Amino acid sequence: MGVGERGVLVSGNWKMHINHFEALKLVQELAALLRAQALPEGCAASVHPPFTSLRTVQTAVETDRVPLALGAQTCHHADKGAFTGEVSAEMLAKLNVRYVIAGHSERRRGCGETDEMVRAKVDAILRHGMVPIVCVGEDADERASGAALDRVRAQVDAAFDGRPSAAVAAAVVAYEPIWAIGTGVTATPDDAEQMCAAIRAELARLAGPAAETTRIQYGGSVNPDNAAELLAQPNVDGLLVGGASLEAASFHAIARAAG
Ligand code: PGA
């Protein structure tokens with residue numbers, strides 16, 4: 001096990017959990033753990049609170065210089081306008097958000113986000129100097145019928161075709177098989193590696209050698225017991241963690257698992 005030259009990014013997707021009081025407590029707990037045991041060289045971590053906690057987490061992280069990057073869970077593709085209830089990438093950038101998740105399967109399914117909408121969000125994230133974490137992944141039927149690879153390639157193409165190679169190099173892709181999210185069923189390290197390698201090959205077809213620099217995360221029922229084995233795969237450069245990121249000790253253990 002070790003950290004490859006791309007470095008490792010472990011991201012905690014808090015989803016619709018944790019109000020801003022609880023967010024402050026969680027960041028303070030994480031800060032204490034990181035002071036006691038820092039992340040291994042070459043490893044970074046981001047936290048993705050709900051919008052209502054972003055400002056609180058930003059202040060806590062910046063005031064105490066906690067080594068956590070600020071992330072968001074989604075954004076709107078437009079910079080401003082009559083979009084009631086939405087939050088723009090421009091607004092997130094003003095809060096020093098660094099990473100924005102685009103196309104999480106829960107939004108693709110629950111909010112009707114299409115590949116085209118995800119591409120437009122990636123445009124907005126890049127326009128405002130942030131890094132997209134583009135989620136891709138097949139559902140259980142697609143895996144059973146052998147359509148997983150085609151599905152994932154199509155999602156990668158929709159988000160990245162025609163992008164400058166520098167944008168592809170700096171981006172993050174999260175492979176999250178839908179059947180593994182929140183189910184306790186993790187992809188085997190081999191399955192994760194196979195798909196992450198296929199994603200990198202597709203990125204290389206689109207953008208050439210820049211794909212060697214793109215960080216590819218695995219997500220889906222990651223926990224402190226399976227993190228190290230997943231991170232040991234050559235094409236797994238990080239993890240996108242849901243449930244296990246809501247507790248400081250488990251997220252800290254996962255973020256340290258590449259060491
Ligand atoms: P999980 O969620 O770790 O709870 O499976 C992962 C995700 O949806 O990003």
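Values in this text are rule-based calculations from the coordinates and carry no lab data. It should be emphasised that the depicted structure is a prediction, and the values quoted were computed from it without experimental measurement. Cβ atoms come from the backbone with ideal geometry, glycine included; neighbour counts cover every protein chain shown.
Brief remarks follow.
- Residues in the stretch 86-105 that are within 16 Å of the ligand (Cβ to nearest atom), free of Cβ contacts under 8 Å to residues at least 60 places away in the same chain and among the β-branched types (V, I, T): V100 only.
- Restricting G182, G162, G208 to residues that are of a type in the set (G, A, S) and within 15 Å of the ligand (Cβ to nearest atom) narrows the list to G182.
- Single unsatisfied condition, L230 versus (1) more than 13 Å from the ligand (Cβ to nearest atom); (2) closer than 18 Å to R6 by Cα: (1)
- From V222, V156, residue being within 13 Å of the ligand (Cβ to nearest atom) and crowded, with 16+ Cβ neighbours inside 10 Å: V222
- A255 over 14 Å from the mean Cα position of the chain (by Cα) and away from the ligand (no atom under 13 Å from the Cβ): no
- Qualifying residue in the stretch 55-65 (condition: of a type in the set (V, I, T) and either within 21 Å of V172 (Cα to Cα) or crowded, with 20+ Cβ neighbours inside 10 Å (or both)): yes
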